[in-house]
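Worksheet for the structure shown next.
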Amino acid sequence: MKDVAFGQYYPADSFVHRLDPRLKLLFLIAFITAIFLADNFYGLAACALVLFAVILASRVPFGKVLRAVRGILFLVIFTAVIQVLFNHGDEVYWGGPAVYWEWKIFAVTQEGIVLAIFLVLRLALLVMCSSMLTYTTTPVALTDGIESLLTPLKWLHIPVHVLALVMNMALSLIPVLTGETERIMNAQKARGADFETGSIFHRIKAIVPILIPLLVSSIDRAEELGNAMDSRCYRGDIKRTKYKKLRFGWRDLIGFLLGAALVTGVVLLRVYPVGFLGSFL
Amino acid sequence: MRAIEFRDVSFSYGEEGEAEPQIGGFRLNHLNFAVEEGEFVAVLGHNGSGKSTLARLSNRLLEADSGEIEVFGTLLTKKTVYEIRKQIGIVFQNPDNQTVASIVEDDVAFGAENIGLPREEIGERIAFALKAVGMEAYRNATISRLSGGQKQRIAIAGVLALKPRIMILDESTAMLDPRGRREIIDVVERLNREEKITVILITHFMEEALRADRAIVMNRGEIVMQDTPAGIFARHEELLTYNLTLPRIGMIVKGLNAGGIPVSDTLDIEKLAGEIAECVS
């Protein structure tokens, strides 16, 4: 529960932290696109290299970024196992037979192993780059960025400001609600509740007495929060100003060029495959 | 000058037109009281005495059924409510339910942004507010990592950024540990003394009322006592009927007297210590 990595800002004063959040959002989209476009290890290596440079520049400890992957560890292992067990391809990448073992629908092949490694790397890169965004961008800056990028929707009378504020508050409430869930679980455990053993059905049923108090307390919380916001003169975006104005500076230009170079590079690698691993997809 | 005045204010929760409030219902009966500018007033009362309703009526989070409320000579109406909310800052009970952002300075800026101040001034006000609560070193800190007392001081700073002339603390110390409580009361006392902010401190901790200029005791929606803290605590038999006790020092004096050690009925710790020392020698 304590390892909820999403939305946790890692305060530091670095090049990456100071980038315009809009740029970081667009960069993330470009990066994700690049990861999905990359169909060989060179493409992924290029992405990994850029990500590594970004992590170094951001001064976020490497272990912290890796911890984000731990959150989806189950998914990663599951994907890898499925790939290794069910891939029947006969591609040969190194000496030895293409198929090591086969039984009914199961098979362990060279192609399966390579593909599993590829997918694991791809997933890890995805999660790591997404977590870099939240590590280096305060939620307020992030929602400001989203609000700014979604400005065109205002012309369609979509309340972009309210959406951004709601998102912002949701992010700041994550640690609060995590703590609350833990308290409720402890209270239930103290009275003999058991969340860890029994059938899946039994365990799902055990969650109900956690969810209901959590829901009730969240509603109370929302009311108090509304009161506190009203008291601090909140009235939507009527006459509202912003303390933090987004500005596109020289750093952002460098970031932009870097992102553009990455996407172009990966596309080029896809069109002109290089090396012995280039053709496996 | 009158900071705030309640004239014949009545209010009830629950069904309208009922003679007696139902369970969970509640009523304030023809309340009359005034607080002068610069005063430090404590409002004491047991759960359900109506003391929190008082705070919510004062800036129209709740609307009175009848009667008038005046703030610095301006009648509280639907039209003047936003002007009056700038003058009255309310700090609520649970610090977690008052933060709208995850980073300290973003949260403190919220109120100032709402009233449309220019950027530079918001920056100055954040600096002023954080200094006033002794949290200037935490400007870029993550709120969820702060202690309860620190979080509540940030909530006070968020209110101070609006430069209110009246500050109402609605049981703002109830969820804190003794140390956090002391932090808050120290800050509030200093704001009252140095910034000349009128303070209305709503609490059920008798100790906290000791530092006030005047104390008001509420019971079942009515003001039942109004005096200096010393005057109120001298009437302990009467306090007991409202389910209120004496502050610890009052209990000690009472205990000593009952045990045959003659000390004067004082709320001054130094004086009491001196008298006890005399008795012992």
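What follows is calculated from the coordinates using simple rules that are stated; it is not laboratory data. Here the structure is a predicted model, which means the values were calculated and not measured. Here the Cβ positions follow ideal geometry from the backbone for every residue, glycine too, while neighbour counts run over all protein chains shown.
For this structure, a couple of remarks:
- Estimated purely from DSSP H runs of n ≥ 4, each contributing -39500 (n - 2.57), the mean residue ellipticity at 222 nm for chain A is -22000 deg cm²/dmol once divided by its residues.
- Amide H contacts of B:G50 (H built 1.01 Å from N, in plane; Pro and chain starts excluded): B:G221 sit under 5 Å, all sequence-distant by 5 or more or on other chains.
- Theoretical ellipticity at 222 nm over chain B - DSSP helices of four or more residues, -39500 (n - 2.57) apiece, nearest 500: -11000 deg cm²/dmol
- Size check on the range B:144-281: the Cα extents along the three principal axes, sorted descending, read 52, 37, 28 Å.
- A:R70, A:R221 arranged by Cβ crowding within 10 Å, fewest neighbours leading: A:R70, A:R221
- Taking other C-beta atoms within 10 angstrom as a stand-in for reagent exposure, B:Y242, A:Y243 fall in the order B:Y242, A:Y243, fewest first.
- Relative contact order (%) - criterion: Cα under 8 Å, at least six apart; region: chain A: 33 percent
- Distance-filtered residues of the range B:85-110 - backbone nitrogen under 19 Å, label point 7 angstrom along A:D220 Cα→Cβ: B:91-99
- Computed over the range A:48-118, the ratio Rg/Rh where both radii use C-alpha atoms and Rh is Kirkwood: 1.17
- As computed over the range A:57-174, the Cα convex hull volume per residue (Å³): 185 Å³
- Listed pairs B:K51/B:K79; B:K79/B:K163; B:K131/B:K163; B:K86/B:K196; B:K86/B:K131; A:K24/A:K245 exceeding 18 Å between Cα atoms: B:K51/B:K79; B:K79/B:K163; B:K86/B:K131
- Here the average projected area of the convex hull drawn through the C-alpha atoms of the range B:24-148 stands at 9.9 nm².
- Diffusion coefficient (Stokes-Einstein, Kirkwood radius over C-alpha pairs, 4 °C, 1.567 mPa s) for the protein assembly as shown: 46 µm²/s, rounded to a whole number.
- Kirkwood radius and radius of gyration were both taken over the C-alpha atoms of the range A:21-271, and their ratio Rg/Rh is 1.06.
- A cut-off under 13 angstrom between Cβ atoms defines the neighbours of A:L225, and their net charge, with Lys, Arg +1 and Asp, Glu -1, is -4.
- Applying the Karplus relation 6.51 cos²θ - 1.76 cosθ + 1.60 with θ = phi - 60° to the range A:65-82 yields 3J(HN,Hα) values of 5, 5, 4, 4, 5, 4, x, 10, 3, 4, 4, 4, 5, 4, 4, 4, 4, 4 Hz, where x marks Gly and Pro.
- Over the range B:33-83, the pair-distance histogram of Cα-Cα distances with 10 Å bins from zero comes to 20, 52, 27, 1 percent, rounded to whole numbers.
- Backbone HN-Hα couplings from phi across the range A:86-91 [Karplus 6.51/-1.76/1.60, Hz, Gly and Pro as x]: 10, 7, 9, x, 10, 5
- Residues in the range B:231-255 that a label on B:R179 would reach, taking backbone N under 16 Å of a point 7 Å out along Cα→Cβ: none
- Judged by the mean number of other Cβ atoms found within 10 Å, the most tightly packed of the peptides A:32-39, A:18-25 leads the ranking A:18-25, A:32-39.
- Protection-proxy order for peptides B:131-143, B:167-179, each taking the mean of Cβ atoms within 10 Å per residue, highest first: B:167-179, B:131-143
- Chain B: relative contact order in percent, alpha carbon pairs under 8 Å with at least 6 residues between: 22 percent
- Close amide H pairs (under 5 Å, H built 1.01 Å from N) link B:S12 with B:L28, B:D65, residues at least 5 positions away or on another chain.
- Phi-derived couplings, Karplus 6.51 cos²θ - 1.76 cosθ + 1.60 at θ = phi - 60°, listed residue by residue for the range B:188-203: 5, 4, 5, 4, 5, 6, 8, 8, 6, 7, 5, 10, 10, 9, 9, 7 Hz, with x used for Gly and Pro.
- Building the convex hull from the alpha-carbon atoms of the range B:2-228 and averaging its projection over directions returns 12.3 nm².
- Long-range amide H partners of A:A107 with built H, under 5 Å: A:F86, A:N87
- If R0 equals 41 Å, the separation of the Cβ atoms of A:L149 and B:R7 corresponds to a calculated FRET efficiency of about 0.20.
- Note on B:93-99: average number of Cβ atoms from other chains within 10 Å of each residue's Cβ is 6.
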